[in-house]
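As structure tokens, the structure follows; a few thoughts come after it.
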Amino acid sequence: MPGQRTWDELTDYTLMLLGDPLGERYDRDWVAEEVQDALLDLNLTAHFVKDEVVVQILADVFDYDVAQRVEADATKHDYAFPLRVGYSGDDVVARQGTSALAIDQSVYSSDLDTGPPSSFYRDTVSPGHIAVFPVPTEDGEALPSEVSNLTVSYVGLPTPMEDGGDYPDAQIPGQHQIAACYKAAGNVRLCSADKQDLLIGIDNLAEYERLTAQATGDSYRNLTAYADSQPV
């Protein structure tokens, strides 16, 4: 895969950053798992892995289990959190992300309590769920139709690597994978009691933050449908 590095290659690079290319001081399997965890963190920050799912609206129901809907479709990446929620095939104006408290503070008329949803929130519902406001009064059309339903664009979990020859998720660009090596090296060094190790580990994590900021900017600038994936 052009530009991509295998799990073994990323682990090798991390061991080089640790000054232990042969894995004599640090357990290679431990370092490899740190690399995998760092790639997950990189993705959750930079939003590389994205997917979309349609969720059917039901009358008088405000709480929707998006994660369960994603799990029902084997072609989708596992669900992390929503980026954008559209309504009825709406690909221009997103439903507004908000909080339950903000809704309580802004709604003064019971006439606004029901109708087509204009906003969504997730601070008072279970993980993997979103809630919509106002509460819908009618069912959406049967899936897979988008009509009168919710289209949730979300950050997905990267496909995990299982073998040293596996590549990271294809949606994580090769030029940004090295960032994960710096986080992995930093986390390993922070487990040391040696002061010099701790200082180098802090430097590694600072470099990770710099590279992640760059990766996040690239992630959004390179989108062909920029507006579809903007947080709201």
Count of region 173-189 residues which are of a type in the set (Gly, Ala, Ser) and in contact with a Phe, Trp or Tyr (Cβ under 7 Å, 6 or more places away or on another chain): 2
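Test of understanding: among Asp166, Asp203, which residue is without any contact (Cβ under 8 Å) to a residue 40 or more places away in the chain, in the same structural domain as Pro21 (by TED's automatic domain parsing) and not aliphatic (A, V, I, L, M)? Reasoning before the result, please.
Working: Asp166 fails: without any contact (Cβ under 8 Å) to a residue 40 or more places away in the chain.
Only one candidate qualifies: Asp203.
For every residue, the table says whether it meets (1) over 24 Å from Ser99 (Cβ atoms); (2) crowded, with 20+ Cβ neighbours inside 10 Å.
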residue	(1), (2)
Thr124	no, no
His129	no, no
Phe133	no, yes
Pro136	no, yes
Pro144	yes, no
Ser148	yes, no
Gly156	no, yes
Lone unmet requirement of (1) closer than 22 Å to Met161 by Cβ; (2) assigned by TED's automatic domain parsing to the domain that holds Gly140; (3) in contact (Cβ under 8 Å) with a residue 12 or more places away in the chain for Thr75: (3)
Hits in region 41-52 - residues which are surrounded by fewer than 23 Cβ atoms within 10 Å (Cβ to Cβ) and either over 8 Å from the mean Cα position of the chain (by Cα) or of a type in the set (S, T, N, Q) (or both): Asp41, Thr45, Asp51, Glu52
Enumeration of residues in region 160-196 that are touching a Lys or Arg at 6+ places or on another chain (Cβ under 7 Å) and either among the aromatic types (Phe, Trp, Tyr) or in a helix (DSSP H, G or I) (or both): Gly174
Given (1) over 22 Å from Leu40 (Cα atoms); (2) surrounded by fewer than 17 Cβ atoms within 10 Å (Cβ to Cβ); (3) at pLDDT 95 or above, number of the condition Gln56 does not satisfy: (2)
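The values are calculated or read from the model by the stated rules, or taken from the named source; none is laboratory data. Being a predicted model, the structure only gives us computed values, none of them experimental. Neighbour counts are summed over all protein chains in view; Cβ atoms, including those assigned to glycine, are modelled from backbone coordinates with ideal geometry.
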